[in-house]
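Below: the structure, in structure tokens.
The values are calculated or read from the model by the stated rules, or taken from the named source; none is laboratory data. Keep in mind that what you see is a predicted model, and the values were worked out from it rather than measured. Cβ: placed from backbone, ideal geometry, glycine included. Neighbour counts: every protein chain shown. Side chains are part of the model used for accessible areas, which takes the heavy atoms of the whole protein and leaves out ligands, DNA and RNA. Shrake-Rupley method; radii C 1.70, N 1.55, O 1.52, S 1.80 Å.
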Number of protein chains: 2
Amino acid sequence: MAQTDVPYELYYWPGIQGRGELIRLAFEETRTPYVDVARRPSQEGGGVAALERVLSAAGGIRPFAPPILKVGDLVLAQTAAILAWLAPRIGLAPEKEGDRLAAHQHQLTVADLYTEVHDTHHPIGVELYYEDQRAEARRSAEHFLSERLPKFLGYFEDLLRRNSRSTGQYLAGDRLSYVDLSLFQMLTGLTYAFPRAMRRLAPQIPLSMALRDHVAARRHIAVYLASPRRVPFSEDDIFRHYDELDDAAIELPPAGE
Amino acid sequence: MAQTDVPYELYYWPGIQGRGELIRLAFEETRTPYVDVARRPSQEGGGVAALERVLSAAGGIRPFAPPILKVGDLVLAQTAAILAWLAPRIGLAPEKEGDRLAAHQHQLTVADLYTEVHDTHHPIGVELYYEDQRAEARRSAEHFLSERLPKFLGYFEDLLRRNSRSTGQYLAGDRLSYVDLSLFQMLTGLTYAFPRAMRRLAPQIPLSMALRDHVAARRHIAVYLASPRRVPFSEDDIFRHYDELDDAAIELPPAGE
């Protein structure tokens, strides 16, 4: 439980996992009580209307986009900023200052990869339909799967391999931190979206796949994933499975590249 | 000068402003001594080779991409993480903790806009030439100029307007911080890349344009901008001027949207 009596309120789109899931996972792993405000019934002050109220807040700092964390007077947006603030308060940050800096840096690289995953199906514009950019999406996904994804996943694998403090188990420091949960979510999402590409890649990133399986099997995470609180994957989300986008031959660059 | 005798070393591509410029500006405004390593002659350990050595570091945390800040044993990547760490040490962070959180959050929104600007000329893939994605770039830029840019710039204008602590002058807190320098760079770059679009937009974001002019006129920044240390804009950079991408009719959404 957190070191505060003020409740943690998460504001995020109720129908998708999206970037909000990285914060939900942090709460769930630590069994920190939180209110997923927009997933509550409208009659009880929830729903998308609640989210829109925070997005257009009359006073204080207006967030650009969800996810948003509200704790008393604090209203904080940007996933990586939220996690950097939240994690030390719920026991999910590395202990040493240097490892905390590393975790934040890695979380920002996860965020960059999230954007590139999203842009495979929305290369022209986020406010246009997929159907209106399907041809461009094919080109974009091919480039992503052959060039970018191997580079990113090879990088995270390399981080795990180099982290002597935890013999290849965690991305930063010597215990599980929020960035490990985010890598779990990333790998799970990629496997949903690009099953063929990930089948080819998986043997080349054994530490990452072991981390994914380890996180999935953790007691509180396993309970969460099986619960109705876990929103299912869908084609309204960041990780979308379009079969036509999942068929490039990919190969990892040599380690250290 | 910083509270350290260890020199600040910045590693970034020597021929462009890019994201590294946001860190250069922070050093220049505060007249903090720093070494722009890759811009030094190769014979003196500089050049792109120096950058590549840090990117493939044999020990410690390997950065995913530049910019990279090296201070003694610390090697830190990700622009926003670097600035959040650096700014309090060189007098460029807001004083209060809440304002520091806000500055970091805003910097991450600047980073998101940087990515979207870059993707106007590289919508399909960063590792392909512009010439190989020109048709897609036209569609992407049109969407960007009509939908995304007004939304982002309207948002920053709104932040300035709401910041009662500094009567519309600064983005966070009551004095100049690194995120103001980043907004200056963003607006200057956008004006280079999209002069027609920015001419139409400028009257709708008076506080932002005043901030841009205020920063450009600050003593140390003015000296820097006129010096050979300032790399000129170019079409190898993030902000590129392609006349064919700069012609959508744009309008800001009403305030608070």
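Things worth noting here:
- The loop-placed trypsin sites (Lys or Arg not before Pro) in segment A:20-49, going by DSSP, that have at most 16 neighbouring Cβ atoms within 10 Å of their Cβ come out as A:Arg31.
- With the largest listed first and rounded to whole Å, the semi-axes of the equivalent ellipsoid of chain A from the Cα gyration tensor are 29, 24, 16.
- Comparing A:Gln78, A:Gln17, A:Gln185 in a Gaussian network model of chain A (Cα springs below 10 Å), the most mobile by mean-square fluctuation is A:Gln78.
- Comparing mean-square fluctuations of A:Ser56, A:Ser166, A:Ser234 from a GNM of chain A with C-alpha springs under 10 Å, the top value falls on A:Ser56.
- Peptide B:143-149 has a mean of 3 when you count, residue by residue, the C-beta atoms of other protein chains within 10 Å of its C-beta.
- Multiplying the residue separation of A:Arg161 and A:Ala210 by 0.36 nm and subtracting their alpha-carbon distance yields 16.4 nm.
- On the basis of the beta-carbon distance and an R0 of 30 Å, A:Tyr129 and A:Arg175 show a calculated FRET efficiency of 0.10.
- Selection among A:Pro14, A:Ala216, A:Thr79 by position relative to the dipole of chain A gives A:Ala216 as farthest towards the positive end (Cβ unit charges, Cα centre).
- Per residue, the accessible area of segment A:126-255 comes to 44 Å² when a 1.4 Å probe rolls over the protein heavy atoms.
- Remark: for residue pairs A:Lys70/B:Lys96; A:Lys70/B:Lys151; B:Lys70/B:Lys151, the C-alpha separation exceeds 27 Å in B:Lys70/B:Lys151.
- Mean residue ellipticity at 222 nm, helices only, the protein assembly as shown: -14000 deg cm²/dmol; runs of at least 4 DSSP H residues each add -39,500 (n - 2.57), and the sum is divided by the number of residues.
- Once Rg and the Kirkwood radius are both taken over the C-alpha atoms of segment B:145-204, their ratio Rg/Rh works out to 0.99.
- Once all protein chains are placed together, B:His106 keeps about 0 Å² accessible to a 1.4 angstrom probe.
- Only Lys, Arg, Asp and Glu carry charge here, each on its Cβ (+1 for the first two, -1 for the last two); on that basis the protein assembly as shown has a dipole of about 1340 debye about its Cα centre.
- Inter-centroid distance (Cα atoms) of segment A:153-171 relative to segment A:7-68, Å: 32
- Hull shadow area, averaged, segment B:104-227 [alpha-carbon convex hull, nm²]: 8.4
- In segment B:63-83, the residues that give up 30 Å² or more of accessible area when the other protein chains are added, compared with the chain on its own (1.4 Å probe), are B:Phe64, B:Leu76, B:Gln78, B:Ala81.
- With 10 Å bins from 0: P(r) over the protein assembly as shown, alpha-carbon pairs, percent: 4, 18, 30, 30, 16, 2, 0, 0
- Antiparallel DSSP beta bridges within the protein assembly as shown, as percent of all bridges there, nearest 5: 70
- Chain A, accessible surface, carbon-and-sulfur percent (1.4 angstrom probe): 51
- Were the residues from A:Asp236 through A:Arg89 laid out at 0.36 nm apart, the gain over their Cα-Cα distance would be 49.7 nm.
- Cβ-derived FRET efficiency at R0 22 Å, B:Lys151 paired with B:Asp247, nearest 0.05: 0.70
- Once the Cα gyration tensor of segment B:5-115 is diagonalised, semi-axes √(5λ) in Å: 24, 15, 14
- Chains A and B together, accessible area buried on both sides, 1.4 angstrom probe, square angstrom: 4200
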